[in-house]
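Asker: One structure follows; several queries about it will come next.
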């Protein structure tokens, strides 16, 4: 499988954003108009496997990618469905000994009232 020079651009595009592959592809086309969607898909998946991007499986089976690979909580605006990262550090107490926490998937839906 051939990866291209889009890797750094993809990671930068996903900085502080939660984007689908389609959204990443649209952004890549601005700088690389001849890029193929299948190539971008392979590159994004490769970056996720290498832990350079975090893969977030979401509502309606849609998948998003983000640069923030650390354990964090996602806040979801119920009006716009935009995803925001909660910047607080998460501390889990009373975990069993020898327990290695590898990932957490916490979503909080909210709306302004």
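A short reminder: the numbers here are calculations on the coordinates, not readings from a lab. Just so you know, these numbers come straight off a predicted model, no measurement behind them. When we count neighbours, we look across all protein chains shown, and the Cβ atoms used for this are built from the backbone with ideal geometry, even at glycine.
Asker: In this structure, is residue 101 in contact (Cβ under 8 Å) with a residue 24 or more places away in the chain, part of a strand (DSSP E or B) and over 12 Å from the mean Cα position of the chain (by Cα)? Walk me through it before giving the result.
Answerer: Numbers: in contact (Cβ under 8 Å) with a residue 24 or more places away in the chain: yes; part of a strand (DSSP E or B): no; over 12 Å from the mean Cα position of the chain (by Cα): yes.
No.
Asker: Condition (residue is within 25 Å of residue 103 (Cα to Cα) and within 12 Å of the chain's Cα centre (by Cα)) applied to region 26-43: is it met by at least one residue?
Answerer: No.
Asker: Residue 34 passes all but one of (1) loosely packed, with under 13 Cβ neighbours inside 10 Å; (2) in contact with a strand residue (DSSP E or B) (Cβ under 7 Å, 6 or more places away or on another chain); which number fails?
Answerer: Among (1) loosely packed, with under 13 Cβ neighbours inside 10 Å; (2) in contact with a strand residue (DSSP E or B) (Cβ under 7 Å, 6 or more places away or on another chain), residue 34 violates only (2).
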